[in-house]
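The values are calculated or read from the model by the stated rules, or taken from the named source; none is laboratory data. Here the structure is a predicted model, which means the values were calculated and not measured. Here the Cβ is made from the backbone with ideal geometry for all residues, glycine too, and neighbour counts use every protein chain on show.
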Amino acid sequence: MFLLQPNNDIAWLAPYAYAVVLVGFLLFLFRIFENWFADRYNRPLVRHYLTFKKVSTTQKTILEDEFSFYKKLSPKFKRQFEHRVASFINSKKFVGRDGVEITDRMKVLIAAIGCMLSFGRKHYLYSLIDYILIYPDSFYSTANEEYHVGEFNPAGKALVLSWKAFEEGYKITNDNLNLGIHEFMHAMQLESKQSRDIDSTRFAKQFQNILKRLTKQEVKDKLDETRYFREYAFTNQYEFMAVLAEYFIESPREFNGHFPVLYNHTKKLLNFNFAGY
């Protein structure tokens with residue numbers, strides 16, 4: 001009878017194998033606890049681990065001079081924001097169309113809008129976006145054969161923007177029209193439908209709360225009475241969420257004053273507890 005003999009040459013690996021199994025088990029328990037915590041408290045247990053990437057001096061000057069949200073952040077959150085902006089820029093391909101020359105300013109401001117909207121999330125890089133296509137003005141869309149100023153194309157993994165409309169959206173901060181926020185919210189919403197991570201689960205939960213709130217007769221009456229949200233919001237539920245995000249970012253006090261419950265659900269959906277929101 002042939003018996004396998006223990007290999008003394010590899011016996012020293014046993015403690016490491018046990019350690020690997022133990023670490024794997026602890027990570028499994030952590031994931032369970034992390035999901036429970038996110039469901040219970042409507043926010044990720046750990047939003048950010050490391051902040052090691054930095055924007056360039058020129059890019060930081062753009063944030064300091066032109067992006068008001070960044071200026072309102074604490075030093076700790078500023079480091080996190082810079083890390084996220086740098087990570088976003090490094091992970092996307094920016095492509096100019098119709099003669100547009102891509103500049104550092106374009107990259108920074110587009111990344112800043114996206115990272116602002118996802119700043120409360122653990123996963124913030126918009127996995128459904130690989131390309132940022134920038135036109136000088138409105139562009140012809142083959143999707144519905146019309147001219148657009150913005151479009152999220154999930155099939156091409158592309159966010160398409162009119163630079164003119166994008167600049168107007170971020171510079172004019174009190175009209176609740178912000179093209180960047182609008183299109184990034186479309187990408188975030190589709191990602192949340194397709195993913196099962198903690199951010200997507202929280203998004204789905206709060207989005208359902210928003211939809212349920214809209215069925216309340218008193219809310220319907222107030223929406224009709226105030227006409228607070230622009231008409232385009234009621235095109236469908238996706239456009240409503242994109243418009244809601246624009247109002248939340250640009251006029252939080254007014255939004256909260258008119259519809260405090262909707263505001264609170266939106267705040268939880270984004271986990272937005274920064275810069276006075």
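Taking the criterion of being more than 10 Å from Met188 (Cβ to Cβ) and out of contact with any Lys or Arg (no Cβ under 8 Å at 6 or more places or on another chain), the residues of region 112-122 that qualify are Ala112, Ile113, Met116. How many of the residues making up region 200-219 are charged (D, E, K, R) and either closer than 14 Å to Thr266 by Cβ or touching a helix residue (DSSP H, G or I) at 6+ places or on another chain (Cβ under 7 Å) (or both)? Final tally of qualifying residues: 4. When region 233-274 is examined, which residues are found to be surrounded by fewer than 17 Cβ atoms within 10 Å (Cβ to Cβ), of a type outside the set (Ser, Thr, Tyr) and farther than 16 Å from Leu223 by Cβ? Once the filter is applied, which keeps residues that are surrounded by fewer than 17 Cβ atoms within 10 Å (Cβ to Cβ), of a type outside the set (Ser, Thr, Tyr) and farther than 16 Å from Leu223 by Cβ, region 233-274 yields Arg253, Asn264, Asn273. Thr51 - would you say it is modelled with pLDDT of 70 or more, touching an Asp or Glu at 6+ places or on another chain (Cβ under 9 Å) and in a helix (DSSP H, G or I)? No, not satisfied.
In region 137-153, the residue that is surrounded by the most Cβ atoms within 10 Å (Cβ to Cβ) out of those that are touching a helix residue (DSSP H, G or I) at 6+ places or on another chain (Cβ under 6 Å) and part of a loop (DSSP other than H, G, I, E, B) is Val149.
Which ones in region 72-128 are of a type in the set (Asp, Glu), over 26 Å from Pro252 (Cα atoms) and assigned to a helix (DSSP H, G or I)?
Asp104
Those helices (runs of 4 or more DSSP H) of region 167-247 in which at least 2 residues are in contact with a strand residue (DSSP E or B) (Cβ under 6 Å, 6 or more places away or on another chain), modelled with pLDDT of 95 or more and of a type outside the set (Val, Ile, Thr), considering only elements entirely within it, cover 179-194. Exactly one residue among Glu191, Glu218 is acidic (Asp, Glu) and buried (at least 16 other Cβ atoms within 10 Å of the Cβ), and that residue is Glu191.
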